[in-house]
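Structure record follows, encoded as C-alpha cells.
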Amino acid sequence: AQSVAQPEDQVNVAEGNPLTVKCTYSVSGNPYLFWYVQYPNRGLQFLLKYITGDNLVKGSYGFEAEFNKSQTSFHLKKPSALVSDSALYFCAVISGGYQKVTFGTGTKLQVIP
Amino acid sequence: EPEVTQTPSHQVTQMGQEVILRCVPISNHLYFYWYRQILGQKVEFLVSFYNNEISEKSEIFDDQFSVERPDGSNFTLKIRSTKLEDSAMYFCASSDGRGNTEAFFGQGTRLTVV
C-alpha cells in the first residue's frame, strides 16, 4: 500500500519570505515522489519529482523539494514566496509495482502581499 | 508541448441521467487514469486503464462507472445514473507506463448534478 500525508490544510506566508509545504509518505518499496500545483479553476500541473539521486530536486517556478528517507518526507520549498504562488499544492507518490498516483489531501498556500 | 485534453469543461446534468466525460490522452502514453476532486478537497483515484482493460480501481468506482477507449485516441468515463454526490471535478491523466514518470493531467471536467 502507499499513502501520502500533508499535515497542514493551509500555509500562510508573507511575500518574500521562504515557504515550506510539508509532505510525508508511506510506501512498501522505493518511492517516486511528485509535487503538483492547482491554480483556481485549473487542472493539476506538475512541479517536480524525485526518482533517485540527489535528495534536493529543483522544479518549475523556483520550487525545490528535499527527499529525506529517514524521515519519509518530501517537503516543498521556495526561498522567496510570490503572491502568484498562492494555490493548492498536492504531494503524490508511486511505489513498487503500482501504476496509480496516490495524492495527499492538498495544502492551500496563501502568500500575503 | 503535448497535453491531455478533456471535454466538456463543464457539464450540468439531472440526477439519474447518464453522462460521458471525454479525454484525449497524450498519444504515445500507455496508462490512462480518471481521478475526481470534490470541490476544494483532495484528489481521489477512480480507475487506471492499460492494454484495453482496467488495471486497478478504487472503491468509489462502483457499477455505476465504466471506462472505455473506443477508438484508440479517446478515453471516456461513463456514469450510468448520476447522483448528487457525483458532482465534482473529474480529471483524466495519462502516463507513458514507466512508474517513475509523472502523470500528465487534463484541465478537468466540472460535473454538476442537479
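Only protein heavy atoms count here; under a 1.4 Å probe, B:V12 has an accessible surface of about 90 Å². The residues of the protein assembly as shown expose, per residue, 48 Å² of accessible area to a 1.4 Å probe.
Counting only protein heavy atoms and a probe of 1.4 Å, the accessible surface of chain B is 45% carbon and sulfur.
Other residues lying with their Cβ under 10 Å from the Cβ of A:K108 contribute a combined charge of -2, Lys and Arg counting +1, Asp and Glu -1. Burial of accessible area (probe 1.4 Å, heavy atoms of protein chains only) in segment B:84-112, relative to its chain alone, reaches at least 40 Å² for B:G99, B:N100, B:E102, B:F105, B:Q107.
When you restrict to C-alpha pairs under 8 Å that are six or more residues apart and normalise by the size of chain B, the relative contact order lands at 38 percent.
Nearest 100 Å², what total accessible surface is buried between chain A and chain B (probe 1.4 Å)? Don't skip to the answer; put the middle values down first.
Details: alone 6080 and 6650 Å², together 10880 Å².
Summing both sides, the interface buries roughly 1900 Å².
Amide hydrogen proximity for B:M15: with H placed 1.01 Å from N in the peptide plane, the residues at 5 or more positions away or on another chain lying under 5 Å are B:V114. Its residue count N fixes a reference of 2.2 N^0.38 Å for chain B, and the Cα radius of gyration divided by that reference is 0.99. Here r is the Cβ-Cβ distance between A:Y61 and B:L30 and R0 is 25 Å; the resulting FRET efficiency, rounded to 0.05, is 0.30. Modelled spin-label separation between A:T105 and B:D71, with each label point placed 7 Å from Cα along the Cα-to-Cβ direction: 4.2 nm. With the convex hull constructed from alpha-carbon coordinates only, chain A shows a mean projected area of 6.7 nm² over all directions.
For a distance above 25 Å, tell me the whole-number percent of Cα pairs in the protein assembly as shown that qualify. Everything past 25 Å amounts to 40 percent. Counting every pair of alpha carbons in segment A:72-113, the share spaced more than 14 Å apart comes to 58 percent.
The values are calculated or read from the model by the stated rules, or taken from the named source; none is laboratory data. Quick caveat, the model's predicted, so the values are computed rather than measured. Here the Cβ is made from the backbone with ideal geometry for all residues, glycine too, and neighbour counts use every protein chain on show. Just the protein is used for accessible areas: all its heavy atoms, side chains included, with ligands, DNA and RNA removed. Shrake-Rupley method; radii C 1.70, N 1.55, O 1.52, S 1.80 Å.
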